[in-house]
Structure formats: C-alpha cells, structure tokens
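Have a look at the structure below, then the notes.
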Amino acid sequence: MHHHHYANDVMGWAGFTHQLAENCRAALTKTAFPAWDPLCLDLSRLIKKEVPEEVKVDGRPPSERYPDHKIGQSLLFHLPKSKAAELKELTAAADGSWISTYDAFSAFIWRTLTRLRAPAEAVDMRRRMHSPRVHPRIQHNVMYTALSNTSPVPQLTVDDILHAPLSKLASYIRQLTNSVTQENLDKTLDMVAMVRDKTSLNIRIDSHPPMSILQTDHRDANIVSAGFGFAKPLTYRHLLDRVTEGVIIIYPSRNNDPDSDEGPEFSIAYEKHRAEDLINDAEFNKSFEYRGVDAEDAGKMRALPKNLAKAIPVAAAST
C-alpha cells in the first residue's frame with residue numbers, strides 16, 4: 001500500500017486506506033459495499049487555468065543540501081495523553097486565547113531541539129477549504145506549508161525560543177498555522193500556474209540550515225481504526241531510504257481506547273552524534289518516552305551504540 005508523495009499526502013493515503021478497508025470488510029462479511037464519492041478524486045478546485053506559454057516563467061534552480069548537515073537518524077518518542085495535557089496546561093496563554101495540543105507539544109519540541117543544538121509545518125487544507133468545501137477523503141496532495149520565513153507572522157528570535165514563556169512559542173505556532181488559508185492558497189496557485197516547470201518549486205528540506213525544523217502531523221490519519229474485516233493495522237510508517245535532517249513526523253496513537261494513556265508518536269530526524277543528548281535530556285523525558293531508533297539512513301549505516309539499538313516494528317497488523 002505504499003504511495004509516492006507525488007501521488008498522495010498522508011490524508012489522501014488515509015482516505016484511500018479507509019475506503020479500501022471498508023470494501024475489504026464488506027467483501028468478507030458479505031454486507032453492502034460502502035458508497036464511493038467521485039469527489040474524492042476531484043481536484044478541479046485546486047487546478048488553475050493553463051496560462052499561455054509565452055507568459056510563463058522559469059522556476060528557481062534545484063536546491064542543494066546544506067553543507068553543514070551531519071549524518072542523521074530518526075528517533076521515536078511517545079507522548080502519553082496525560083503528559084500532553086500537562087504540556088497544554090503549561091503553555092496556556094495568559095490572555096486566554098486558544099492553544100491546541102499541537103501548539104503545545106510543538107513549542108516544547110522546538111525549544112528542546114534549539115536548546116540542545118546551540119521551523120516549517122505542513123498544514124492539511126481539507127478542513128480549511130470553504131468555497132466550496134472539499135471531501136474529507138479527497139486524495140492526492142491537498143496541503144499547504146506554513147513557512148516561518150515567508151509567513152506574515154513576525155518571526156521569533158533565538159532568545160524568544162529559549163527563554164520566553166512557552167505560551168509565546170505556542171501562540172506563535174497557532175498564528176503560523178492560522179495564516180494558512182484558502183485565500184492564500186488561491187494566490188499561491190495563481191503564481192504556480194505561471195511557472196513552466198512546476199517541479200522547480202519543490203522545497204528541499206535539507207537545503208535549510210541544521211537548526212531548521214519541518215513538522216508533518218499524521219494524527220488525523222487514524223489508521224488503527226481501519227478495519228479490513230480480517231485485521232486492523234497496529235501502526236504504519238512513512239518509509240524512506242534516507243533520513244532527511246530536521247523532519248519530524250507525528251504519528252497517530254496506536255490505541256484509540258478513551259481509557260488508554262497511549263498518545264501520538266514522534267519520529268524526530270536528529271543528528272546521530274547528538275542522539276544521546278536528546279534521549280537522555282531530563283527536561284524532555286518529563287513528557288516524552290523514548291521508544292527506539294525509527295530509521296537509519298540507508299547510505300550511511302553505521303553500528304549503533306548499545307543503548308540505541310532497541311528494535312521496533314516497522315509495520316504490523318492485529319487480528
């Protein structure tokens with residue numbers, strides 16, 4: 001069931017997976033097949049009119065990997081629901097403005113990684129499209145990236161990140177997320193329509209300096225609830241043959257039981273030579289539990305320190 005990112009983002013893949021699971025379950029239980037809405041493949045809302053060739057422009061040259069990056073590995077951490085609630089309380093804004101759990105743990109991770117080392121985030125547009133709304137299971141890539149260096153929200157300083165109240169970081173992340181709107185997306189698509197080779201607009205994450213972070217939130221994929229009739233997934237992984245420095249993938253909980261304290265998992269691409277600093281950081285360990293190495297760079301495999309060699313399943317299913 002592997003999908004290339006050019007074909008689908010995580011929520012497009014999740015929509016496909018849930019639809020497939022419902023069809024498999026219907027076939028096995030000899031019940032009615034679920035409805036299929038053609039709008040799940042309708043991208044007309046996101047396609048701009050082709051502009052004349054003579055007015056098109058060339059995109060920028062391909063970005064190169066930033067030279068100061070070191071060999072990385074993806075470390076897996078778990079945030080129990082009870083600890084997430086504590087972080088949310090810790091980052092509550094003084095003026096009472098709403099702060100999400102995402103804002104809270106993002107602020108905490110950002111501060112921790114900055115502190116140990118001396119952001120961009122992908123935003124699902126399905127819930128933000130309103131004129132008209134799109135199907136929640138629409139496939140392909142329906143996301144827009146909130147980049148701190150291009151957002152209208154004033155950037156924070158390193159001093160802010162390290163020393164300001166955590167609520168200030170969480171509020172900044174909320175403003176950054178809220179700046180991603182359908183209207184801004186429409187303007188961007190108009191600009192993209194003018195570019196001759198659309199692939200030239202690809203953002204290479206590791207072309208940014210080592211302190212940069214890009215988060216992608218998979219929690220709404222909720223794959224563990226996809227009952228195929230013969231089994232349910234225990235978890236899934238975004239499979240890559242190399243570790244891209246600075247990327248954080250937030251996986252959904254493996255257990256949807258309301259009484260369970262199981263929360264989301266975080267695969268953090270981090271410098272390998274500094275891995276133990278993050279794993280053993282006392283402040284980080286108050287909230288996050290280390291679960292092992294999630295991925296190694298296939299081209300740079302080296303022997304792991306004994307305390308990092310905890311094995312975890314890459315993919316599994318339960319009956």
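Things to note:
- Phi angles across segment 79-96 convert, under the Karplus curve 6.51 cos²θ - 1.76 cosθ + 1.60 with θ = phi - 60°, into 3J(HN,Hα) values of 10, x, 4, 5, 6, 5, 5, 5, 5, 5, 5, 5, 9, 4, 6, 4, 8, x Hz, Gly and Pro given as x.
- Residue-by-residue Karplus 3J(HN,Hα) for segment 226-235, coefficients 6.51, -1.76, 1.60, Hz, glycine and proline x: 7, x, 8, x, 10, 5, 10, x, 7, 6
- Dipole-positive endmost among Asn8, Ala107, Leu75 within segment 1-125 (Cβ charges, Cα centre): Leu75
- This model, with +1 at the C-beta of Lys and Arg and -1 at the C-beta of Asp and Glu, gives segment 154-213 a dipole about its Cα centre of some 80 debye.
- Note, ³J(HN,Hα) from phi for segment 40-45, Karplus 6.51, -1.76, 1.60, rounded to Hz, x at Gly and Pro: 5, 10, 8, 9, 4, 5
- Three-way shape label, the chain, alpha-carbon gyration tensor, a/c 1.5: rounded
- Amide H contacts under 5 Å for Val247: Leu214, Ala269, restricted to partners 5 or more places along the chain or on a different chain, H placed in the peptide plane at 1.01 Å from N.
- Measuring between alpha carbons in the structure, the pairs from Lys88/Lys286; Lys70/Lys286; Lys48/Lys198; Lys56/Lys198; Lys81/Lys272 lying more than 20 angstrom apart are Lys70/Lys286; Lys81/Lys272.
- As a rough footprinting exposure proxy, the listed residues Ile205, Ile161, Ile268 were ranked by other beta carbons within 10 Å of their own, and the order from fewest upward is Ile205, Ile161, Ile268.
- Of Asn222, Asn280, Gly246, farthest towards positive along the dipole that unit charges on Lys, Arg, Asp, Glu beta carbons give segment 220-298: Asn222
- For Gly59, nonlocal amide neighbours, meaning residues 5 or more places apart or on other chains whose placed amide H falls under 5 Å from its own, are Arg196, Asp197.
- Amide hydrogen proximity for Gly292: with H placed 1.01 Å from N in the peptide plane, the residues at 5 or more positions away or on another chain lying under 5 Å are Leu76.
- Global geometry of segment 170-240, whether rounded, prolate or oblate, following the gyration tensor of its Cα atoms and the 1.5 cut on a/c: prolate
Just so you know, all these numbers are worked out from the coordinates, no wet-lab data involved. Everything numeric here is computed off the predicted structure, so don't read it as measured data. Heads up, the Cβs are rebuilt from the backbone with ideal geometry, glycines too, and the neighbour counts pull from every protein chain shown.
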